[in-house]
Amino acid sequence: MKQMKPNKQLGILITLAGGCLWGLSGACGQFLFSEKNACSDWLVPIRLVTAGFLLTCFYLVRHPDFSRRIWSGKKSALTLIGYGILGMMLCQYSYFKAIEYSNAGTATVLQYLSPVLIMLVMCIREKRLPGVVDIVAVLFALTGICLLATHGQTGSLAVSSRALFWGLFSAFTVVLYNLIPEGLMKEYPTPFLLGWAMLIGGVLLCILRKPWRYHPVMDAESLICLGAIILLGTIASFSLYMQGVKWIGAEKASLYACVEPVAATLFSCFWLHTAFTGMDVAGFFCIISTLFLITLWGKNRQIS
């Protein structure tokens, strides 16, 4: 199959679109958790298995040679399995767990500490010390975490410890999600890799969490939200974002996708009427500011 040529401008646009759809997905998850008695142990396995099955079937019919080739190589097969479990499964499960224990806006902002972690990983990979802007970004990120977690009152938590743990853990898994498939993405279409990763991660999560044990309310609203999560917030958003990673790189893609926490917070606030305090907003501002600081760092590095 003929691959599209890298296009930086289009890469930025599709990364932004993917981020907005992720924000919608998080809000839909919050709605199911708060209004329909759903939980992440039910939602995430269904989401991954359904979306992964659809994408994988498409490529098995249209391009069966891709699957034969990727599974015939030991290195590529192990990388794909690692991507499915360590990247896709853990990333999705931890993110929705954070939503379940807090809300879409808070969970998404905490997850967007990942660009800071990616920046630190890139410093190690490139064997260079963090610059001044890098250090300031880390300090802003830590300040944002403290404001969200304590609202400025040391000795007490403003969010549950579970929400804080899963939110921070999801940020770490985003690093794995971005970096593990770098080599495979040079050889295979992004949706193909996503399909197998979702199916692998989803099947394992079904075995571990047994989603059939849960019985959320399944009415028209639930089906619409579930469909939006699977089709828009999974297949479309992941495909757009990972194609953006392929064209503009993991570091820059994670920055342009900063529209996701903004979108998730707006959906959570205006659709689900989630109340945020001034300290929450300040924490959000600090964490999202790190994205712009790292963007400035990236520009300075390119100029030098």
Quiz prompt | Rounded to the nearest 10 Å², the accessible area of Leu157 at probe 1.4 Å | solution = 100 Å²
Self-check item: Net charge dipole size for the chain [Lys, Arg +1 and Asp, Glu -1 on Cβ; Debye, nearest 20]
Solution: 1080 debye
Quiz item: Within the chain, what is the longest stretch that has no GluC sites (Glu not before Pro) placed in a DSSP loop and near at most 15 other beta-carbon atoms within 10 Å?
Solution: 1-125
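Rounded, prolate or oblate: which one fits the stretch 128-278, using the alpha carbon gyration tensor with axes a ≥ b ≥ c (rounded when a/c is under 1.5, else prolate when a/b beats b/c, else oblate)? Don't skip to the end; give the middle numbers.
Values: a/c = 1.75, a/b = 1.10, b/c = 1.60.
It comes out oblate by the Cα gyration axes.
I'd like to compare 57-65, 26-34: which one has the highest average count of other Cβ atoms within 10 Å, and what's the full order after that?
In decreasing order of mean packing, 57-65, 26-34 become 26-34, 57-65.
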Quiz item: Which whole-Hz ³J(HN,Hα) couplings does the stretch 218-233 yield from phi under the Karplus relation 6.51 cos²θ - 1.76 cosθ + 1.60, θ = phi - 60°, glycine and proline marked x?
Solution: 10, 10, 4, 5, 5, 5, 5, 5, 5, x, 5, 5, 6, 7, 8, x
Quiz item: Which of the listed residues, Gly195, Thr108, Ala228, is farthest toward the dipole's positive end in the chain, when Lys, Arg count +1 and Asp, Glu count -1 at the beta-carbon?
Solution: Gly195
Practice problem: Please compute the Cα-Cα pair-distance distribution of the stretch 87-130 with 5 Å bins starting at 0, giving whole percents from short to long. | Solution: 6, 20, 21, 18, 13, 11, 8, 2
Quiz item: If you place +1 on the Cβ of every Lys and Arg, -1 on the Cβ of every Asp and Glu, and leave all else neutral, what size is the dipole of the stretch 116-269 about its Cα centre, to the nearest 20 Debye?
Solution: 360 debye
Quiz item: Where does the chain land on the Kirkwood hydrodynamic radius, alpha-carbon pairs, in angstrom?
Solution: 19.5 Å
Quiz item: Considering the stretch 159-235, what Rg and Dmax in Å follow from its alpha-carbon atoms?
Solution: 15.7, 43
Quiz item: If each Cα of the stretch 117-200 is one equal point scatterer, what is log10 of I(q)/I(0) from the Debye formula at q = 0.18, 0.20, 0.21, 0.22 Å⁻¹?
Solution: -0.94, -1.00, -1.03, -1.06
Quiz item: Roughly what percent of Cα-Cα pairs across the stretch 69-188 reach past 25 Å?
Solution: 35 percent
Quiz item: Could you work out the helix-only [θ] at 222 nm for the chain, with each DSSP H run of four or more residues adding -39,500 (n - 2.57) and the total divided by the number of residues, to the nearest 500 deg cm²/dmol?
Solution: -23500 deg cm²/dmol
Quiz prompt | Cα-Cα separations in the stretch 1-133 greater than 21 Å, expressed as whole percent | solution = 60 percent
Practice problem: If a cysteine in the chain has no other Cys Cβ under 4.7 Å from its own Cβ, put it on the list, ordered by number. | Solution: Cys20, Cys39, Cys57, Cys91, Cys123, Cys146, Cys206, Cys258, Cys269, Cys286
Quiz item: Considering every pair of different Cα atoms, what Kirkwood radius, in Å, is found for the stretch 228-270?
Solution: 11.1 Å
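Using the per-residue mean of other Cβ atoms lying within 10 Å as a proxy for protection, in what order, highest first, do the peptides 85-93, 278-286 fall?
Most protected by this proxy first, the peptides run 85-93, 278-286.
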Exercise. Springs between alpha-carbon atoms under 10 Å, Gaussian network over the chain: tell me which of Ser102, Ser40, Ser161 tops the mean-square fluctuations.
Key: Ser161
Exercise. Mind checking the per residue accessible area of the chain for me, 1.4 Å probe, whole number of Å²?
Key: 45 Å²
Self-check item: the stretch 1-117, relative contact order in percent, only Cα pairs under 8 angstrom and at least six apart counted
Solution: 36 percent
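The values are calculated or read from the model by the stated rules, or taken from the named source; none is laboratory data. Fair warning: this is a prediction, and the values are worked out from it, not measured in the lab. All Cβ positions, even for glycine, are placed from backbone atoms using ideal geometry, and neighbour counts span all protein chains on display. Please note that ligands, DNA and RNA were not included when accessible areas were found on the heavy atoms of the full protein model with its side chains. Shrake-Rupley method; radii C 1.70, N 1.55, O 1.52, S 1.80 Å.
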